[in-house]
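Colleague: Here's a structure for you.
The values are calculated or read from the model by the stated rules, or taken from the named source; none is laboratory data. These numbers come from a predicted model, not from an experiment. Note that we place each Cβ from the backbone using ideal geometry, even for glycine, and neighbour counts take in every protein chain shown.
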Amino acid sequence: MTYCVGLLLDAGIVLLADTRTNAGIDDISIFRKLFFFEQPGERVIALMTSGNLSVTQTVIDRLTHDAERADATPATSILLAETMLDVAEIVGRTLFEVSVSIRGRMRQMDQAPSASASLILGGQRRGGGLRLFLIYPEGNFITATDDTPYLQIGEFKYGKPILDRVVRPSTSLAEGRKVALLSMDSTMRSNLSVGMPLDLAIIRRDEHRVGVRERFEPGDPRFSEMSDAWGRALRTAFLDMPD
């Protein structure tokens with residue numbers, strides 16, 4: 001399984017994804033789930049993936065191939081699309097087509113058609129605003145708003161409470177980074193199918209590039225210190241609550 005979270009803030013976008021993929025308790029692997037398409041100074045697009053690995057990897061490969069084609073057009077390439085909404089349409093269409101194709105092959109082999117995936121898409125193009133989308137397996141999508149300035153995919157329920165309490169559009173990027181990591185920490189403590197390494201990225205408003213890229217390996221002292229401090233703070237708050 002996986003957990004990915006994206007925050008749409010006034011100052012930019014914060015993205016965080018784990019890398020654990022498992023098909024059983026004895027089949028655990030590490031695969032990157034945060035991908036970038038950049039034209040520095042012109043546009044930056046980030047994608048986080050959750051679900052069937054065959055589907056998500058094929059979608060990323062298809063999007064990359066279509067963007068690099070000599071005959072690419074704004075209707076086929078996310079690097080030429082006129083708006084982030086158009087980018088979401090291309091990504092959604094690609095996800096749907098890949099899912100249908102793989103499910104069809106599985107049916108032909110008398111296998112249960114469980115090929116499903118969802119994506120978080122974020123970014124900005126020159127002349128447009130920051131956007132953050134959650135794209136469903138059917139290719140349709142929703143967007144982050146001022147009322148709900150974050151989106152999640154995968155095992156999201158464990159890390160949601162702190163996002164609801166803390167995240168606002170006015171939240172700073174430093175605070176957004178912190179709350180995303182604590183949301184991930186809560187998820188990993190409650191679900192063994194989510195795990196390190198973690199990939200974190202920050203896209204600052206109007207920079208049109210990935211401004212920060214971080215990887216947190218198992219045992220990272222920065223993450224461990226934050227996790228321990230959060231645990232102590234929670235225990236202290238619990239003990240201070242009136243009976």
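Colleague: Does the range 69-86 contain at least one residue that is hydroxyl-bearing (Ser, Thr, Tyr), over 20 Å from the mean Cα position of the chain (by Cα), at pLDDT below 90 and over 25 Å from residue 213 (Cα atoms)?
Modeller: No, the range 69-86 has no match at all.
Colleague: Just give me the residues in the range 125-163 being out of contact with any strand residue (DSSP E or B) (no Cβ under 6 Å at 6 or more places or on another chain) and not in a loop (DSSP other than H, G, I, E, B), in sequence order.
Modeller: If the condition is that a residue be out of contact with any strand residue (DSSP E or B) (no Cβ under 6 Å at 6 or more places or on another chain) and not in a loop (DSSP other than H, G, I, E, B), then 131, 160, 161, 162 are the ones that fit.
Colleague: Would you point out which residue out of 143, 187, 236 is exposed (fewer than 13 other Cβ atoms within 10 Å of the Cβ) and among the polar types (S, T, N, Q)?
Modeller: Result: 236 is the single residue among 143, 187, 236 that is exposed (fewer than 13 other Cβ atoms within 10 Å of the Cβ) and among the polar types (S, T, N, Q).
Rundown of residues vs (1) modelled with pLDDT of 95 or more; (2) within 9 Å of the chain's Cα centre (by Cα); (3) over 30 Å from residue 127 (Cβ atoms), yes/no style:
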position	(1), (2), (3)
1	no, no, yes
17	yes, yes, no
21	no, no, yes
30	no, no, yes
45	yes, no, no
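Colleague: Tell me which of these residue 236 doesn't satisfy, since it passes every other one: (1) in contact (Cβ under 8 Å) with a residue 12 or more places away in the chain; (2) farther than 30 Å from residue 41 by Cβ; (3) β-branched (Val, Ile, Thr).
Modeller: Checking residue 236 against (1) in contact (Cβ under 8 Å) with a residue 12 or more places away in the chain; (2) farther than 30 Å from residue 41 by Cβ; (3) β-branched (Val, Ile, Thr), the one that fails is (1).
Colleague: Return the total of residues in the range 176-220 being over 22 Å from residue 39 (Cβ atoms) and assigned to a loop (DSSP other than H, G, I, E, B).
Modeller: 11
Colleague: Residues that are of a type in the set (S, T, N, Q) and within 29 Å of residue 145 (Cα to Cα), at least 2 per element: which strands (runs of 3 or more DSSP E) completely within the range 1-65 meet that?
Modeller: In the range 1-65, 43-51 are the strands (runs of 3 or more DSSP E) which contain 2 or more residues that are of a type in the set (S, T, N, Q) and within 29 Å of residue 145 (Cα to Cα).
Colleague: Of all residues in the range 190-204, how many are closer than 24 Å to residue 125 by Cβ and surrounded by fewer than 15 Cβ atoms within 10 Å (Cβ to Cβ)?
Modeller: Total meeting the criteria: 0.
Colleague: If the requirement is being under 26 Å from residue 199 (Cα atoms) and surrounded by fewer than 22 Cβ atoms within 10 Å (Cβ to Cβ), which of these qualifies: 108, 57?
Modeller: Result of the check over 108, 57: 57.
Colleague: Against the condition part of a strand (DSSP E or B), surrounded by fewer than 21 Cβ atoms within 10 Å (Cβ to Cβ) and of a type in the set (D, E, K, R), how does residue 82 come out, does it pass?
Modeller: no
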